[in-house]
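These notes are about the structure you will find just below.
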Amino acid sequence: MFAQASHPTLLIPGPIEFDDAVLTAMSHPSQSHVGAPFVQTFGETLTMLRKLFLTTDASAQPLVVSGSGTLGWDFVAANLIEPGEDALVLHTGYFADSFADALSTYGAVPTQLKAPIGARPTLEQIEAALNEKNYKIITITHTDTSTGVLSDIKAISELARRVSPDTLVVVDGVCSVGCEEIRFDDWCLDVVLTASQKAIGVPAGLCIMMMSGRAIETFEARKSKPGSYFASFANWLPIMRNYEAKKPSYFATPSPQLIHALHTSLTQITALPMEQRFKQHYEVSRYVKKSLEDMGLKQLASEEAAQANGMSAVYLPEGITAPELLPKLLAKGIIFAGGLHKEIATKYFRFGHMGVSVTNGDLGHIEKALSALKESLEACKK
């Protein structure tokens, strides 16, 4: 990372630090988005996404569109559920509220199943909810970036398939894809949506999705047209299929530079088994959380199984505020994020540990951050 200009180490839950090769790819010369060289790169990128999500199902379809992770909510709401249909939204923090808002914007009827801050709905509660209505989709925030709560999408998907087999299982994986275990085929997931700037390690600007054949069939069986033009699968699915088949295609102009950066990052990520990447993030997360505990700090997610591996949401010590702590960290070259959950935003901070900061130990980001945090807390107490 010595090629990059000197800068504070960014350890928030995204955007994250980027590898030199990824940033170099961002400087690729201007290129036709329908020319053979770019079509080849985009096609390879889509194929590598299948490895990232661990799917070999030919009916599944990866999708990459310019936009943020938020665009993924619009894709789901505009294509997979119709006005008046019910959606069960599992709530583990701020982002479930936003997903519910997106669904209602397109006429769907979201029902939120909420848990106390730092917790997640139980399987028993989810089963009871699924038995109450005929839900078209169930949405799960895999890691809620506002609380650091990790949902058990494997268990929830198994439950949904048993109790309500026609319900599509939709995962908001914006803060989890690339650092948390996700097995698209084995866990029978229908949609996983994410964004480029978190554990995938690419500058912000790409909405990335994987859709099951069942999700695509659900879209094709719609009685009404999608509620969006730009976010319509009718416009994007043919484009993605053509690009993956190395055929030029056009609906809206992609960003060649971001696609090159994604290609570079996915080449690095998929060079090793995904199991190894999951293990790296788990082990670093356990180390970080034990170090935080040794400093007397408490996680928002009190149950270990519900603690995300790509970030930690941490309560501030009594008498210390984020406006006191964060500038001291910045002075030591570390950037953490303040709280985001509306009810307790002033009471905690967030430490992102994902991507190259985890997989490249030579960078020293984690040790530097923990040392800076310990020193900054001590300075706040004086």
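Remark: pairs (first residue in region 343-358, closer than 9 Å to V314 by Cα; second residue of a type in the set (F, W, Y); Cβ separation under 9 Å; 6+ apart in sequence or on different chains) = K347/Y315; Y348/Y315; F349/Y315; F349/F336; R350/F336; F351/F336.
Exactly one residue among K198, K279, K247 is out of contact with any Lys or Arg (no Cβ under 9 Å at 6 or more places or on another chain), of a type in the set (D, E, K, R) and within 25 Å of M26 (Cα to Cα), and that residue is K198. Figure legend. Inter-residue proximity from region 196-208: first residues at positive phi, second residues part of a loop (DSSP other than H, G, I, E, B), beta-carbon distance below 6 Å, spacing 6+ or different chains. Indicated pairs: G201/F18; G201/G355. Take A271 and decide whether it is under 26 Å from V34 (Cα atoms), modelled with pLDDT of 95 or more and surrounded by fewer than 15 Cβ atoms within 10 Å (Cβ to Cβ). It is false that A271 is under 26 Å from V34 (Cα atoms), modelled with pLDDT of 95 or more and surrounded by fewer than 15 Cβ atoms within 10 Å (Cβ to Cβ).
For G148, the requirement of being in contact with a strand residue (DSSP E or B) (Cβ under 6 Å, 6 or more places away or on another chain), at positive phi and not assigned by TED's automatic domain parsing to the domain that holds F349 is met. Confirm whether R277 is charged (D, E, K, R), under 18 Å from the mean Cα position of the chain (by Cα) and in a helix (DSSP H, G or I). It is true that R277 is charged (D, E, K, R), under 18 Å from the mean Cα position of the chain (by Cα) and in a helix (DSSP H, G or I).
With the structure loaded, tell me whether S285 is closer than 17 Å to D144 by Cα and either part of a loop (DSSP other than H, G, I, E, B) or not assigned by TED's automatic domain parsing to the domain that holds A199 (or both) or whether it fails that test. So S285 passes the test. If you go through region 11-36 and keep only what is assigned to a helix (DSSP H, G or I), among the small types (G, A, S) and surrounded by fewer than 17 Cβ atoms within 10 Å (Cβ to Cβ), you end up with A21, A36. Does S312 satisfy the condition of being assigned to a strand (DSSP E or B) and among the polar types (S, T, N, Q)? Spelling it out, S312 is indeed assigned to a strand (DSSP E or B) and among the polar types (S, T, N, Q). Residues in region 45-80 that are surrounded by 17 or more Cβ atoms within 10 Å (Cβ to Cβ) and among the acidic types (D, E): D74 alone. Return the residues of region 152-189 that are in a helix (DSSP H, G or I) and under 29 Å from G352 (Cα atoms); say none if nothing qualifies. Listed by number, the residues that qualify are I153, K154, A155, I156, S157.
Let's see how each residue does on (1) at pLDDT below 95; (2) part of a loop (DSSP other than H, G, I, E, B); (3) more than 18 Å from E217 (Cα to Cα); (4) aromatic (F, W, Y):
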residue: E82; (1), (2), (3), (4): no, yes, no, no
residue: F95; (1), (2), (3), (4): yes, no, yes, yes
residue: F99; (1), (2), (3), (4): no, no, yes, yes
residue: Q125; (1), (2), (3), (4): no, no, yes, no
residue: E132; (1), (2), (3), (4): no, yes, yes, no
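Among the residues of region 338-370, those identified as within 30 Å of L272 (Cα to Cα), at pLDDT 95 or above and among the small types (G, A, S) are G352, G355, S357, G364, A369. Mind checking whether some residue in region 133-145 is outside the structural domain of Q307 (by TED's automatic domain parsing), more than 30 Å from P273 (Cα to Cα) and surrounded by fewer than 19 Cβ atoms within 10 Å (Cβ to Cβ)? Yes.
From the list E324, E293, the lone residue that is touching a residue at least 40 places away in the same chain (Cβ under 8 Å) and more than 23 Å from the chain's Cα centre (by Cα) is E324. The condition of being crowded, with 17+ Cβ neighbours inside 10 Å and not in a helix (DSSP H, G or I) holds for only one of P254, P248, that being P254.
The values are calculated or read from the model by the stated rules, or taken from the named source; none is laboratory data. Here the structure is a predicted model, which means the values were calculated and not measured. Glycine gets a Cβ as well: all are built from the backbone with ideal geometry, and neighbour counts include every protein chain shown.
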